[in-house]
Amino acid sequence: MALRPALLIGLTLAWCATASAQAPADPSPAAGTIEPLALLSAPSGATRTPQREPAAALLATLPRVLTLDLTRDANDVWDRIRRGFAMPDLHSERVAEYEQFYLERPGFLKQVFARGGRYLYHIINELEARGMPAELALLPMVESSYNPLAYSRAHASGLWQFIPSTGRHYNLTQDKWVDERRDILASTEAALEYLQKIYDMHGDWQLALASYNWGEGAVGRAVQRNDEAGLPTEYVHLRMPNETRNYIPKLQAIKNIVMQPERFGFELPYVPNRPHFVAVESPVGVDLATAARLAELPIEEFIALNPAFNRPVVTREGQSLVVPAALADSFRARLETLAESGPQWRTYRLKRGETLATVAARHRLTLTQLREINGLTARSKTPAGYTLVVPDGIDPRGALRAASVIPLQLRSAR
């Protein structure tokens, strides 16, 4: 069973006296990168720059703050998350280094926390419903920087960075139309189910988190090796890859900053403690640009709430679109009005001997536009029977714009 979040009366942070170990590398991602895991990695050869102060020296000058007052309601989502912290704290030099790493990048930190504000209310609600520690609401920052379009070299995708096989194991659909590893609702449910399973397996949240990063089998074997050698089997005593060794210190550093932002001289962006979004059932044949216009949202914001689509069109009955809670009623009414005029997009199966160029011309598209809408490259195979999405009397420019927001490597034909 999951641990029930303990009500914290206060949190004492232990700081290291020195910072002689290596510092995390300075992030310098290429423009347009969607691999946030690389952003937070610390190459083994990284060295501390001469002007950088040790973490302890930097943090010692910051003022102490009051502990939590649990006699009042939570002010915002961050306050609510603090009240649910229940994992044992990790105190180490690596934690102090990652605290300094984040604090030296306040713009990045604020951007990521603001991005997470879209999803945090839903995640903490789900955690509380399962009696799981609130620290897990911060895990997507380590995994993806709260970017639902994040994609790693290992083909992990979404907020929670599921690899394809684990995603399939937890019933996350991955086909040419959608990838539910990027779906906010489905992936969160799957991630918490998986985390619960590996916690039940180990009975220890630090081992569970190491398993989430490294694999439960690898952690199980590391525990067994130590046990057979008469060594302690806790997380800090296991032999593991550097990525996993840094994984929990990153989360602990974020937890410390969220717990006492004033102590670190940092201001968390305000995230109200109320539902940010709701799901509204959509008619088939609506493109995402049209839906965004009906919701009165920029297409980038709409796709941030609906990141699972591999094609910029709703193609299945019963599919839902996520919109801010305050806009749900008007959006639902506009979708119903739109549905009365019939679908604007439809699916089309290639016939034997038919070419993409022929289909494109028939639907008043260029070959490039047809490929872009359908996530195809010049090398994609499209045999007879291959299903395409094509416009049915609508200007395709909106769908093309929506398609361009989703990186091609995420939606390439499957």
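General observations
- Any hit, the stretch 171-185, residues being surrounded by 19 or more Cβ atoms within 10 Å (Cβ to Cβ), assigned to a helix (DSSP H, G or I) and not β-branched (Val, Ile, Thr): no
- Positions within the stretch 319-364 being of a type outside the set (Phe, Trp, Tyr), surrounded by 14 or more Cβ atoms within 10 Å (Cβ to Cβ) and closer than 17 Å to residue 382 by Cα, in sequence order: 347, 350, 354, 356, 359, 360
- Unique residue being at positive phi and either out of contact with any Asp or Glu (no Cβ under 7 Å at 6 or more places or on another chain) or surrounded by fewer than 16 Cβ atoms within 10 Å (Cβ to Cβ) (or both) when the list is 203, 217: 203
- Residues that are part of a loop (DSSP other than H, G, I, E, B) and closer than 30 Å to residue 273 by Cβ do not occur anywhere in the stretch 339-360.
Conditions (1) at pLDDT 95 or above; (2) surrounded by 13 or more Cβ atoms within 10 Å (Cβ to Cβ); (3) under 23 Å from the mean Cα position of the chain (by Cα); (4) not assigned by TED's automatic domain parsing to the domain that holds residue 93, marked per residue:
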residue: 227; (1), (2), (3), (4): yes, no, no, no
residue: 245; (1), (2), (3), (4): yes, yes, yes, no
residue: 249; (1), (2), (3), (4): yes, yes, yes, no
residue: 271; (1), (2), (3), (4): yes, yes, yes, yes
residue: 294; (1), (2), (3), (4): yes, yes, no, yes
residue: 309; (1), (2), (3), (4): yes, yes, yes, yes
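- Odd one out for residue 97 among (1) closer than 20 Å to residue 246 by Cβ; (2) in contact with a Leu (Cβ under 9 Å, 6 or more places away or on another chain): (2)
The values are calculated or read from the model by the stated rules, or taken from the named source; none is laboratory data. Computed from a prediction, not measured in an experiment: that's the story for all the values here. Positions of Cβ are generated from backbone atoms using ideal geometry, with glycine treated the same way; all protein chains shown enter the neighbour counts.
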